[in-house]
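These notes are about the structure you will find just below.
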Amino acid sequence: MRNFLKVREVRRAALLVLALIPVLAALTPHQARTPQTAVDELLAADRAFSAASARTDLITGITAMLASDVLMGAPGGTFAEGPAAIAAALRRDSLNATSRAEWTPVRGGISADGTQGFTYGYMTVTRGDGSHIPLKYLSYWVRGEDGWRVAAYRRGRRPEGQVPSTMLAPALPERMVPPSRDAALMIAHRLSVAMAEKDFSDDAQVMGLGPAFAKWGSADAMNLGGPNDTTFVLGNEAIGRAVGGATPSAPAPIHWSSEKAVFVASSGDLAVSIGVIRPNTPPADGRPAGGSSFFTVWRRAGPGAPWRYVAE
């Protein structure tokens, strides 16, 4: 009798496992991950690329993490497109070939579908003679078959000095959702991001740069700051004050749009808008108006919620 019960229990357990197989097969990696583990994976990838970069030259170290369609701003409102073009741009400084770059992220964010994210932090370039160049960076990442790769990249100078090493709270969705392949949905998401960027610029023409940056930023937004800022400018109100200058409410002398590209997660809650900032008044000598490249990382609670920039 005892043996019969054991056999019945084993058989019942086997049937339970067989019943669970279709359920387990239906669970995608995105559903199995939590928002925290997803952003931890992204931050781990960023740190791993830094560790690899420390063992080689700056050009090799940085280009190793780039996606095939990556964009990086270049002088005059232009862009270096793709790893080869970015490598060529980095080679224009001959010292880069004998320099090393290392960096440490201090914040990360992730889309609800787990396919896009951002990181930012502090970088140090060590020249061949042992001198150091302190930098800040912002990376927008896309997750593909070969793992996480950078789709938009920006660096900026900072002064020498200690920087905070404490991690900032990550930007997380409420929950993870499966990625979508709905082409019409993706078009709608991209249009909504482009419209948010345009409305942001339009508001600046009326209310001024300071109020527009305060209105369109989230409370946890980050601005890379200028070369004299040791750390990032954090919070939409602080960014508005920093960008607004002496006359924050004066109509903005510049305008911008996402004329270059928009990358957006299929979950419709994280995106990057890439374009050019141009002066409203063309040069007096009749030359074409120049510009400066930019990218804005946008985030929202979900489709239908308002977009707010979270890093730029």
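State whether one or more residues within the range 125-141 are in contact with a His (Cβ under 8 Å, 6 or more places away or on another chain) and not in a loop (DSSP other than H, G, I, E, B). Steps first, please.
Narrowing the range 125-141 to residues in contact with a His (Cβ under 8 Å, 6 or more places away or on another chain): 125-126.
Next, from what is left, pick out any that are not in a loop (DSSP other than H, G, I, E, B): 125-126.
Looking for residues that are in contact with a His (Cβ under 8 Å, 6 or more places away or on another chain) and not in a loop (DSSP other than H, G, I, E, B), one finds at least one in the range 125-141, hence yes.
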field: Among the residues listed as Gly161, Gly117, Gly128, the single one being farther than 22 Å from Phe295 by Cβ and in contact with a helix residue (DSSP H, G or I) (Cβ under 6 Å, 6 or more places away or on another chain)
entry: Gly128
All positions within the range 160-187 that are open to solvent by 50 Å² or more (accessible area, probe 1.4 Å) and not in a loop (DSSP other than H, G, I, E, B): Ala183, Ala184, Leu185, Ile187
task: Scan Tyr137, Tyr122 and give me the residue that is out of contact with any helix residue (DSSP H, G or I) (no Cβ under 8 Å at 6 or more places or on another chain) and open to solvent by less than 10 Å² (accessible area, probe 1.4 Å).
output: Tyr137
field: Matching residues, the range 100-119, being buried (at least 21 other Cβ atoms within 10 Å of the Cβ) and under 15 Å from Gly61 (Cα atoms)
entry: Ala101, Trp103
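Does at least one position in the range 261-277 carry a residue that is over 18 Å from the mean Cα position of the chain (by Cα) and not small (Gly, Ala, Ser)? Give the derivation first.
First, pick out the residues of the range 261-277 that are over 18 Å from the mean Cα position of the chain (by Cα): 277.
Right, trim to not small (Gly, Ala, Ser) and you get 277.
Within the range 261-277, one or more residues are over 18 Å from the mean Cα position of the chain (by Cα) and not small (Gly, Ala, Ser).
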- prompt: If you go through the range 255-290, how many residues are of a type in the set (A, V, I, L, M, F, W, C), in contact with a strand residue (DSSP E or B) (Cβ under 8 Å, 6 or more places away or on another chain) and at pLDDT below 95?
  reply: 1
- prompt: Within the range 230-249, how many residues turn out to be open to solvent by 60 Å² or more (accessible area, probe 1.4 Å) and either aromatic (Phe, Trp, Tyr) or modelled with pLDDT of 95 or more (or both)?
  reply: 4
- prompt: Of the numbered conditions (1) open to solvent by 10 Å² or more (accessible area, probe 1.4 Å); (2) touching a helix residue (DSSP H, G or I) at 6+ places or on another chain (Cβ under 7 Å); (3) in a strand (DSSP E or B), Gly290 satisfies every one except a single condition; which is it?
  reply: (3)
query: What is the residue count in the range 188-203 for residues that are in contact with a Phe, Trp or Tyr (Cβ under 8 Å, 6 or more places away or on another chain), more than 13 Å from Thr296 (Cα to Cα) and buried (at least 18 other Cβ atoms within 10 Å of the Cβ)?
result: 1
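Considering only the range 157-187, state which residues are within 27 Å of Asn228 (Cα to Cα) and modelled with pLDDT of 95 or more. Spell out how you get there, then give the answer.
Filtering the range 157-187 for residues within 27 Å of Asn228 (Cα to Cα) gives 157-171.
If the condition is that a residue be within 27 Å of Asn228 (Cα to Cα) and modelled with pLDDT of 95 or more, then Arg157, Arg158, Pro159, Met167, Leu168, Ala169, Pro170, Ala171 are the ones that fit.
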message: So for the range 205-218 (the condition being open to solvent by less than 30 Å² (accessible area, probe 1.4 Å), among the hydroxyl-bearing types (Ser, Thr, Tyr) and not in a helix (DSSP H, G or I)), does at least one residue qualify?
response: yes
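The values are calculated or read from the model by the stated rules, or taken from the named source; none is laboratory data. Because the structure is predicted, anything quoted here is derived from the model rather than measured. All Cβ positions, glycine included, derive from the backbone under ideal geometry; neighbour counts span all protein chains shown. Just so you know, the surface numbers come from the protein's heavy atoms only, side chains and all, with ligands and any DNA or RNA stripped out. Shrake-Rupley method; radii C 1.70, N 1.55, O 1.52, S 1.80 Å.
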